[in-house]
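What follows is a short report on a single structure.
The values are calculated or read from the model by the stated rules, or taken from the named source; none is laboratory data. The shown structure was predicted, so the numbers you read here are calculated from the model rather than taken from an experiment. Quick reminder, even Gly has a Cβ in these numbers, built from the backbone with ideal geometry, and neighbours come from all protein chains shown.
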């Protein structure tokens, strides 16, 4: 538990001063809570002494005593309020910072990171794990420390007034420390399995959402549910195991404290009968005997949760410690926008995709990359934008190795339009302005007009303020594509990468998209990855990639005149485009 205390304090980082202040206020609040009990016991003792004629009290005594007790209750309320204002929001503020930090990490890791870490794992960390941390971490640390501090203050008083009662209380705390250790160990043993099951469930939920449409079209909805149902069952079983391991030490813990309360009360009665305690001291301890261990009874929950906190922090740290792809990068300034590959090798895990590729793309020219599916075309564009780092060799932009740049400074020179366009669940205007700081409405409209999408946007119910849904689900493929081009036009980057940008566009939309692409690429350094002949035949140069090798390079006329992959590509495309339903 001590390790968890330290890690939570480190987790709140710059806000730990407020946590410490909250602890101090909790101590004062605990003292203010105990004072009315002592005062009430002392008043009762004085009243009894007055009845026996040992002292003589005037009529104002009781009212004065009640006033002091009321003042203590008021002081307790003030301390409790101050502690809440000081400490209760710390978890929420820290969790918000952590979520932003995770987002910053994820944008700076290589794309290969997402092949190693599943979507469900990341989703679980930023939702389930951080939800628990923000709701419970600081609160449980405060409760645990408050319980021990309150018990320590009362035990010190017991040792002075009734040493036997103090010794009984110390023994009870020593015994329950063992049960708390047992709870913590059981939770630490079983929590990782529950967290892994939670992450699998998050991933299965994403898979269910993404696959349900396909499953319905084949009438196999139940099949796509099986991984989800299995994940639910695994999480349920893992949680049941935790509860079963938690119950025996929890029951033992509560039994020890309840039995100790009873033993303590018997010892106090014996001491009072023996004349070792004054009446008010006896009454005070009798009152306290039923509540002295109440804060400690709740510590099994804290011990159980501390194991979960440790596991959550382990998972957060695993993400935070992910190696940034631009760890050693800087904001490099360039004044030219040519691209060069020099003997580039690259692979995913143990499988090499590119084998020693070398070429250059002069500034202001258009280069088309063609080749069979899986040959490495998209990988080449990913390396240009440094989504991945090369295994060996070098990729240069503007004469500088891309590894010299930070991710943001490198990508500021790129606009990219993909075959599968992703639009955010936001307005059309926000989607077009995405990536361009301080873009005005007029700038957005101008970009939309150039991208040939202004007319259909204005026909929507809310125009540019229309919310497109997650992924742009309310728009057609061609409409999404043109909004993506408008986004790139607004950014106006000097290098444009088009990755199969017209592959899935219907003929009616293709003309508009081609017009928009012409607007986008005018005067730029352009890299086009495409299967359509019309898209590549006017390029300044064509690179033919086959099985990870650069097999041909030249213009359309030059390559058509040669035997090889490109001529076969042209013939295949011609046959495909002339295909008719027989």
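Of 570, 560, all but one fail to be touching a helix residue (DSSP H, G or I) at 6+ places or on another chain (Cβ under 9 Å) and either at pLDDT 85 or above or surrounded by fewer than 16 Cβ atoms within 10 Å (Cβ to Cβ) (or both); the exception is 560. A single entry from 247, 300, 205, 252 fulfils the requirement of being in a helix (DSSP H, G or I) and either surrounded by fewer than 16 Cβ atoms within 10 Å (Cβ to Cβ) or touching a strand residue (DSSP E or B) at 6+ places or on another chain (Cβ under 9 Å) (or both): 247.
When we screen 291, 214 for residues that are assigned to a loop (DSSP other than H, G, I, E, B) and modelled with pLDDT under 80, the only hit is 291.
Consider residue 272 carefully, then state whether it is in a helix (DSSP H, G or I) and either exposed (fewer than 15 other Cβ atoms within 10 Å of the Cβ) or at pLDDT 80 or above (or both). Yes; evaluated as a whole, the condition is true for this residue. Taken as a whole, the structure places residue 333 among residues that are more than 26 Å from the chain's Cα centre (by Cα), free of Cβ contacts under 8 Å to residues at least 12 places away in the same chain and either farther than 26 Å from residue 115 by Cα or in a strand (DSSP E or B) (or both). Is one or more of the residues making up region 417-430 crowded, with 22+ Cβ neighbours inside 10 Å, at pLDDT 85 or above and within 29 Å of residue 330 (Cβ to Cβ)? Within region 417-430 (the criterion being crowded, with 22+ Cβ neighbours inside 10 Å, at pLDDT 85 or above and within 29 Å of residue 330 (Cβ to Cβ)), the answer is no, since none of the residues qualifies. Count of region 493-535 residues, restricted to those that are modelled with pLDDT of 80 or more, buried (at least 16 other Cβ atoms within 10 Å of the Cβ) and over 40 Å from the mean Cα position of the chain (by Cα), is 0.
Remark: pairs (first residue in region 50-61, at positive phi and without any contact (Cβ under 8 Å) to a residue 60 or more places away in the chain; second residue part of a loop (DSSP other than H, G, I, E, B) and exposed (fewer than 10 other Cβ atoms within 10 Å of the Cβ); Cβ separation under 8 Å; 6+ apart in sequence or on different chains) are absent. Checking every residue in region 88-95 against the condition of being touching a residue at least 40 places away in the same chain (Cβ under 8 Å), touching a helix residue (DSSP H, G or I) at 6+ places or on another chain (Cβ under 6 Å), surrounded by fewer than 16 Cβ atoms within 10 Å (Cβ to Cβ) and more than 23 Å from residue 137 (Cα to Cα) gives zero matches. Can you pull out the residues in region 337-368 that are outside any loop (DSSP other than H, G, I, E, B) and within 15 Å of residue 495 (Cα to Cα)? 339, 340, 360, 361, 366, 367, 368, listed by residue number.
Per-residue answers, yes or no, for (1) in contact with a helix residue (DSSP H, G or I) (Cβ under 7 Å, 6 or more places away or on another chain); (2) surrounded by 15 or more Cβ atoms within 10 Å (Cβ to Cβ):
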{"position": "444", "(1), (2)": "yes, yes"}
{"position": "448", "(1), (2)": "yes, yes"}
{"position": "473", "(1), (2)": "no, no"}
{"position": "477", "(1), (2)": "no, yes"}
{"position": "488", "(1), (2)": "yes, yes"}
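Look at residue 13 and say whether it is exposed (fewer than 14 other Cβ atoms within 10 Å of the Cβ) and assigned to a helix (DSSP H, G or I).
Yes.
Only one of these is surrounded by fewer than 20 Cβ atoms within 10 Å (Cβ to Cβ) and in contact with a helix residue (DSSP H, G or I) (Cβ under 7 Å, 6 or more places away or on another chain): 307, 223. Name it. When all the criteria are applied, what remains is 223. Scanning for something in a helix (DSSP H, G or I) and in contact with a strand residue (DSSP E or B) (Cβ under 8 Å, 6 or more places away or on another chain), does region 135-145 turn up at least one residue? No, region 135-145 has no match at all.
Summed over region 411-449, residues that are outside any loop (DSSP other than H, G, I, E, B), touching a strand residue (DSSP E or B) at 6+ places or on another chain (Cβ under 7 Å) and under 22 Å from residue 527 (Cβ atoms) total 5.
The sole residue among 236, 198 that is out of contact with any strand residue (DSSP E or B) (no Cβ under 7 Å at 6 or more places or on another chain) and at pLDDT below 85 is 198. Within region 450-464, if we keep just the residues that are touching a residue at least 40 places away in the same chain (Cβ under 8 Å) and not in a helix (DSSP H, G or I), the residue that is nearest to residue 516 (Cα to Cα) turns out to be 451.
When you scan region 148-165, how many residues do you find that are surrounded by 20 or more Cβ atoms within 10 Å (Cβ to Cβ) and assigned to a helix (DSSP H, G or I)?
Residues in region 148-165 being surrounded by 20 or more Cβ atoms within 10 Å (Cβ to Cβ) and assigned to a helix (DSSP H, G or I): 5 in total.
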